[in-house]
Structures are given as C-alpha cells and as structure tokens.
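Engineer: Pasting a structure here, questions to come.
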Amino acid sequence: MARLELKGVRKSFGGTPVIHDIDLAIDEGSFTVFVGPSGCGKSTLLRMIAGLEEVSAGEIHIDGARCDHLLPSARGMAMVFQSYALYPHMSIYENLRFGLVCQKTPKAEIKPRIERAADILQIAHLLDRKPAQLSGGQSQRVAIGRAIVKEPKAFLFDEPLSNLDAELRVKMRGEIVALHRRLGSTMIYVTHDQVEAMTMADTIVVLRNGRIEQSGTPAELYARPKNQFVAGFLGSPQ
Ligand code: ADP
Ligand code: MG
C-alpha cells in the first residue's frame, strides 16, 4: 500500500503543455479514479506516476519519498493497459512469471504467487495456453494477474475495460472493486466512462484540459458539482 503525492506536476510535449501544475494527494488504500474526456491528460498523468513518462516539472512522492527520478521498476507500481500487452509467444504462466523474474523475486516465491493470482482471477485452467487462445475478458484477467503477482504498492489501470463488450465490462468492474477490497492496495483507475467512475471510485478526480476540475467522493461530486462541466460530465442535474 502506498500514499502518493503529486506536487506542481507539469508535462509538455514539444513545447505544448498538456498537464498544468497538478497538486494531488492519493490516500493509502484508496480507489481513486481519474475521469475526463478523451485528450484531457489522464494517460499522461498516470504514465508519469508509473515512470513511463518524465515529468516536465514538479515532484512525485511515494510514502513521503521522492520518486520522479526513479525508473518504473524501482517505483513498486504495476500498470494494467487497455491493450492487455501480453507477450504472444509466451504461455499465460510465462506471461505471469516474466515480471517476477525481471524484478528478481526469489525462485521459491514465484510459483505460489502465480497460483494465488490465478486462483483470485479464476484463470488457473488457462495457464498452459497462449494469449491468442484467450477471449478478451480472459486476456484482461491475465493482464491484471500480471500486476497482482508483483505485489505492487499501487496498481495503475489505464482504461482496462474499454475493449470489452458492455456485459463483460459491468462484470469486470465488480471484480476489480472486489479485488481492491481483498488486497487493500492503493489503486488509480483511469477512465472516460462516467458510470465506471461513479460506481467504482471512493475518490474521483475530474480532469479537464490537463487540470483538476474537481475532486471528491462520487456522492460529493454528484450533490455539489463545482460547475456545469462537472455536473454535465457526471450526469447530475444543476
Ligand atoms: P487521455 O488519456 O485523457 O485521452 P492523453 O494523456 O493521452 O489523454 O493525452 C493528453 C494530450 O497530450 C493530448 O492532446 C495528446 O494528443 C497529447 N499527447 C499524449 N502523448 C503524447 C506524445 N507522446 N507526444 C505528443 N503529444 C502527446
Ligand atoms: Mg488515455
């Protein structure tokens, strides 16, 4: 579990600012959703937290220690992508094992961790298959499993359900929330889907044009949206 802090975080691409001066504290064990329209900077912000993108200015702290200069592997976070990003030539077992070998997990721990994650996600029967032999929902479970086995301080999800059909999306939402309750880990979840944000989050951060428009619990944002944009976006009347 980790507490995260962003202080004056900015990002520009080729001189064009896309993230402006973000200050944000994310509580240990919280389920925080970054929500906002396409292009508002959700992925960029998440990728800076993960270390996949450098900050242009500002600081990121994990549990009080500055981490924005650290490589992704040294930050203790695991990211789950919309595209699953499984290795096609490896079996599911090998996909789950790969990150553990990279982070030099003691050999005796590897199999039990994979078995535990496979049990949690109900993918134990798929371990010998290759990614091409899985459905979209099964692939996304494996992608989440690959994060779980690392026992990260925080999970970072970037629109993980966008490629799934509507019915499966609703089911997986429930499973991810259940996983959060079970593990108690800090989770940051990016989506452009208002329903996902309202039903999954304990804290919602509404982003617009690279700035935080408002943050709070779903109930607070619904009852007291700061402006028309938040009200319109989260679907409450004003
Ligand atoms: P979101 O995830 O909310 O849809 P992004 O973080 O992907 O938004 O993008 C925010 C803005 O930054 C967009 O205008 C996008 O075009 C731009 N952007 C993102 N990544 C890059 C990049 N590698 N190079 C140039 N511009 C980028
Ligand atoms: Mg995105």
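The values are calculated or read from the model by the stated rules, or taken from the named source; none is laboratory data. Small disclaimer: the values here were computed from a predicted structure and weren't measured. Glycine gets a Cβ as well: all are built from the backbone with ideal geometry, and neighbour counts include every protein chain shown.
Engineer: For a quick check of your reading of the model, give me the residue pairs whose first member lies in the range 27-50 and is aliphatic (A, V, I, L, M), whose second is surrounded by fewer than 18 Cβ atoms within 10 Å (Cβ to Cβ), with beta-carbon atoms closer than 6 Å and at least 6 apart or on different chains.
Structural biologist: 50/72
Engineer: Is there any pair linking a residue in the range 98-120 that is at negative phi to one that is part of a loop (DSSP other than H, G, I, E, B) and among the polar types (S, T, N, Q), with Cβ under 8 Å and at least six apart or on different chains, and which?
Structural biologist: These pairs meet every condition: 113/105.
Engineer: On to the next question. Examine the range 165-180 for a residue that is at pLDDT 95 or above, assigned to a strand (DSSP E or B) and in contact with a helix residue (DSSP H, G or I) (Cβ under 9 Å, 6 or more places away or on another chain), and state whether such a residue exists.
Structural biologist: Taking every residue of the range 165-180 in turn, none turns out to be at pLDDT 95 or above, assigned to a strand (DSSP E or B) and in contact with a helix residue (DSSP H, G or I) (Cβ under 9 Å, 6 or more places away or on another chain).
Engineer: From the list 85, 78, 50, which residue is away from ligand 2 (no atom under 16 Å from the Cβ) and under 16 Å from the mean Cα position of the chain (by Cα)? First the steps, then the outcome.
Structural biologist: Details: 85 fails: away from ligand 2 (no atom under 16 Å from the Cβ); 50 fails: away from ligand 2 (no atom under 16 Å from the Cβ).
That would be 78, the only listed residue that is away from ligand 2 (no atom under 16 Å from the Cβ) and under 16 Å from the mean Cα position of the chain (by Cα).
Engineer: Looking at 207, 156, 161, 126 in this structure, which one is within 16 Å of ligand 2 (Cβ to nearest atom), buried (at least 17 other Cβ atoms within 10 Å of the Cβ) and within 22 Å of residue 101 (Cα to Cα)?
Structural biologist: Residue meeting the stated conditions: 156.
Engineer: Can you work out which of the residues in the range 2-20 that are part of a strand (DSSP E or B) and away from ligand 1 (no atom under 15 Å from the Cβ) is nearest to residue 200 (Cα to Cα)?
Structural biologist: In the first step, residues of the range 2-20 are kept if they are part of a strand (DSSP E or B); the result is 4-13, 16-20.
From what is left, the residues that are away from ligand 1 (no atom under 15 Å from the Cβ) are 4-5, 7-8.
Values: 4: 19, 5: 21, 7: 25, 8: 27 Å.
Here the residue is 4.
Engineer: Condition first: out of contact with any Asp or Glu (no Cβ under 8 Å at 6 or more places or on another chain) and among the basic types (Lys, Arg). Now tell me which residues in the range 207-238 satisfy that.
Structural biologist: Listed by number, the residues that qualify are 208, 224.
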